[in-house]
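Bear in mind that the values in this text are calculations on the coordinates, not laboratory data. Bear in mind the structure is a predicted one, so any value in this text is a computation, not a measurement. Cβ placement follows ideal geometry from the backbone for every residue including glycine, while neighbour counts extend to all protein chains displayed.
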Amino acid sequence: MKSGKYSSTFLGTAYPVYYVTDKSEAISYIQRLLAQPDEVYVVDTETEALPQYKHIYQAALSPHLAVTRLLQIFTGRTVFVFDIKMIGSFEIFTELLETKRYCNHNSIFDLGFFYKYFGVTHMDFGCTYIAARLISHATVPSDAGLSLSLGSLVSGLFKTEMTKTMGVSDWSVPELTWEQLDYSAIDAISTYHLANRLAPKILRYGLARVYNLYKDAQHPLAKMHLNGIKLNVPKHKELIEVWRAELAASRRDLVKITGLDEITHPTIVKYLEDTLPPHILSIWPRTETGKLQTDTHAFTEFADLPIVQPFSRFSKSKTLCSSFGDTLLKSVNPATGRLHSQFRLAGARTGRLSCSGPNIQQQPRDKAVRDNYIPEAGHMFVCADYSQIELRCAAEVSRDEVMLKAYRDGVDLHRLTASLISKKRIENVTKEDRQRAKAFNFGLLFGLGAKKFSHYAKKSYGATVSSEEAAAGVATFRETYYGYREWQLSQTESAVKAGFCTTPCGKRRCLDYDNSYGPSMNTPIQGGAAECMLSALVRLNNLFTDTNITAKIVLTCHDEVLVECLPADAHKVKEAVEISMELGFLDVFPDGIVRGICECKSGKSWGDAK
DNA sequence: GGAATAGGCGCG
DNA sequence: AAAGCGCGCCTATTCC
């Protein structure tokens, strides 16, 4: 297609489309747009994989492997499609992007390209994807079978089908087809209409505050994605060899014990079914579908059977090899040599972030693994942790006097619980007592009962707690933190009655009728903690942008944030992180107690700085 | 032969 | 009557 004026039709209305391929022409349109009164525009982009990365799956989605081909702006009346490749300039758009207000569907994606190529440092950028997620979580109890893609939302709301095929078409061809240009224009136009439909719902469900928090949080999240984190590939390969050796050894042991020639999960289950005596088979834990359960818990119950130890080693090393072995190496970006995880706002219905490609939030805690996450040569890591953030949220939300007093007085709540449960004076509490108490504090936050508690304590804290001890501990916890228990009861009652519950910043979660007790207790706590962290990230990113500290936020893991910086800046970075985390907590709980809330360390690797 | 589901396990 | 947190990724299985 040649540059010029065309027209695209959406819902029976034809909109003028200016396809711009010339730099001076682009500049004159930009000037006109800059002179317009303040309105929210839609800005969208189409990207093309760089030639050397074309063979890589979904390369067009990575700002490091792709570049912007088209930049579309829809004003509500007119579409401008700027062909960046033909125009040959990014910087002529910087001011326009930084000064106007915008909206798009999944704006974090475009933001990565704006940061990388367009020299953008800040932007007022709404997102219909975030809005749709918030509204969906507020109104339907489950994500099952739900698509929040632009196409699905538009066809659902406007009863019109959008062509989906062009999105994955080749945007690198010298001359674009009319189908491609029309698609790019319709994308922007439909997003505009979608935004106008969603805005009143954000207000209706009281989501304005959390929406604005998420809108701001897009910036640090887009930057973390862009920054990525370096993996020490040679060291990680060595670690994989260790895991493989362990896998082989445990497999040999299992072959010897069972006589099977193929060791997989199903063959082991079959072996157990065939060989276990009836009196054991009858008490062996079962899965929901009635099969024999083979998780760690089921197996520790029968620790004296010879198959248990080797199978446990086998499962562990198998997981390490398959989830954290070569797959992690495959995630290394060929252009940067780093891992660029994607963080998704409200990925969890509680309001937590979710993470993928790789999921940095589920890397083994093992120091050997985390030591392979390293800063760029000549740099270092600063790592900060929110101390007991969920317990602090529990205290603030429930206003439990005992909890609040402990935090006011700088008392370690795990030690306090430990002294109550072990009936020892607080100064005599041992490390093991405290570890067990951690299990109680966190388990009880989830509303865990005595029955499931032993399993949880063993699995999460390696603590052995009998069912009698569990029952006594649960009772002690509930008596001691009486205000918190009261809150749990009133919270579940009102949430179940209303059919939804709410986080401190107002994210609403529609509850599943069959599973509402646990989530209604947990969502305000877990969600509140996540909101503190998002607030802190926004503040930290602003500090880094507004001052001359050159530091990169590289990852966040629920209560933890990792920053890469020059050793000379480490002190300033530490200060910035600490103040951001305190203020982040205060953004959510304005009268909150921040004493001892942030633990900050530095080091030469993630494991080292933790 | 691809999509969906269950089970298991990693993390917080 | 008791229980009750949240994710993503891998493997095996089942369904169409």
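Rg over Rh for chain A works out to 1.00, using Cα positions for both radii and the Kirkwood form for Rh. Taking the square roots of 5 times each eigenvalue of the Cα gyration tensor of region A:332-431, largest first, gives ellipsoid semi-axes of 37, 19, 12 Å. Shown in residue order for region A:396-409 are the 3J(HN,Hα) couplings computed by the Karplus curve 6.51 cos²θ - 1.76 cosθ + 1.60 at θ = phi - 60°: 5, 5, 8, 6, 5, 5, 5, 4, 4, 4, 4, 5, 4, 7 Hz (x for Gly and Pro). Each of A:210, A:474 was scored by other Cβ atoms within 10 Å of its Cβ. Listed from fewest to most, they are A:474, A:210. Distance between the C-alpha centres of region A:227-246 and region A:61-96: 39 Å, rounded to the whole angstrom.
The mean sequence distance of close C-alpha pairs (under 8 Å, at least 6 residues apart), as a share of the length of chain A, puts its relative contact order at 14 percent. With bins 5 Å wide beginning at 0, the percent of Cα pairs of region A:561-610 falling in each bin runs 5, 19, 27, 20, 14, 10, 4, 0.
Relative contact order of region A:92-184: 21 percent, from C-alpha pairs under 8 Å at least 6 residues apart in sequence. Gyration tensor analysis over the Cα atoms of region A:460-501 returns equivalent ellipsoid semi-axes of 27, 13, 8 Å (largest first, whole Å).
Checking every one of the trypsin sites (Lys or Arg not before Pro) in region A:482-536 against DSSP loop status and a limit of 14 other Cβ atoms within 10 Å picks out no site at all. Helical content of chain A, expressed as a calculated mean residue ellipticity at 222 nm, amounts to -16000 deg cm²/dmol (DSSP H runs of 4 or more residues, -39,500 (n - 2.57) each, divided by residue number, nearest 500). Ordered by the number of other Cβ atoms lying within 10 Å of each residue's own Cβ, fewest first, A:178, A:284 fall into the sequence A:178, A:284. Computed over region A:104-228, the P(r) curve from all C-alpha pair distances, binned at 5 Å from the origin, holds 2, 9, 18, 19, 20, 17, 11, 4, 1, 0 percent per bin.
Write down the Kirkwood hydrodynamic radius of region A:460-592, to one decimal in angstroms, obtained as one divided by the mean of 1/r over all alpha carbon pairs. Evaluated over region A:460-592, this radius sits at 17.7 Å. Amide H contacts of residue A:69: A:46, A:47, A:48, each under 5 Å away and 5 or more positions distant or on a separate chain (H built 1.01 Å from N in the peptide plane; Pro and chain starts excluded).
Rg and Dmax of region A:421-465, based on Cα coordinates, read 10.6, 30 Å. Backbone phi angles across region A:274-287, fed through the Karplus curve with coefficients 6.51, -1.76 and 1.60 (θ = phi - 60°), yield HN-Hα couplings of 6, 10, 5, x, x, 5, 7, 3, 6, 9, 5, x, 10, 7 Hz in residue order; Gly and Pro are listed as x.
The distance linking region A:162-214 with region A:324-382 is 29 Å (Cα centroid to Cα centroid, whole angstrom). With all projection directions averaged, the alpha carbon convex hull of region A:367-525 covers 12.4 nm². Give the shape of region A:283-325 as rounded, prolate or oblate, defined through the alpha-carbon gyration tensor: a ≥ b ≥ c are the square roots of its eigenvalues, a/c under 1.5 means rounded, and otherwise the shape is prolate if a/b is larger than b/c and oblate if not. Oblate. Note that region A:185-199 has calculated 3J(HN,Hα) couplings of 6, 4, 3, 5, 5, 5, 4, 4, 5, 4, 4, 5, 7, 7, 3 Hz, one per residue in order, obtained from phi through the Karplus relation 6.51 cos²θ - 1.76 cosθ + 1.60 (θ = phi - 60°); glycine and proline are x. Centre-to-centre separation between the Cα atoms of region A:408-469 and those of region A:474-501: 19 Å. According to the square roots a ≥ b ≥ c of the eigenvalues of the Cα gyration tensor, what is the shape class of region A:164-235, taking rounded for a/c under 1.5, prolate for a/b larger than b/c otherwise, and oblate for the remainder? Note, shape of region A:164-235 comes out oblate. Cα gyration tensor of region A:209-332, axes a ≥ b ≥ c as square roots of the eigenvalues: rounded (a/c below 1.5), prolate (a/b > b/c) or oblate? The shape class here is oblate.
Given their separation in residues at 0.36 nm each and the Cα-Cα distance between them, residue A:301 and residue A:547 gain 82.9 nm when the chain is fully extended. Remark on region A:402-494: hydrodynamic radius 13.4 angstrom, per the Kirkwood mean of 1/r across alpha carbon pairs. If I model region A:46-93 as equal point scatterers sitting on the Cα atoms and use the Debye formula, what is log10 I(q)/I(0) at q = 0.15, 0.33 Å⁻¹? Normalising to I(0) and taking log10 leaves -0.46, -1.13. Packing-based ranking of A:303-316, A:564-577 yields A:564-577, A:303-316, ordered from highest to lowest mean Cβ neighbour count within 10 Å.
Considering every alpha-carbon pair of region A:1-152, the percent of pairs per 10 Å bin, from zero through the bin containing the longest distance, is 10, 35, 36, 16, 3, 0.
Give, as a single signed number, the net charge of other residues whose beta carbon lies under 11 Å from the beta carbon of residue A:325, with Lys and Arg counted +1 and Asp and Glu -1. It works out to a net charge of +2. Take the Kirkwood radius over Cα pairs of region A:295-363, plug it into Stokes-Einstein at 20 °C and 1.002 mPa s, and you get 147 µm²/s for translational diffusion. Cβ-to-Cβ counts within 10 Å put A:265, A:340, A:64, A:279 in ascending order as A:279, A:265, A:64, A:340, the fewest first. For the listed peptides A:105-114, A:141-150, a ranking on the average number of other beta carbons within 10 Å per residue, highest first, reads A:105-114, A:141-150.
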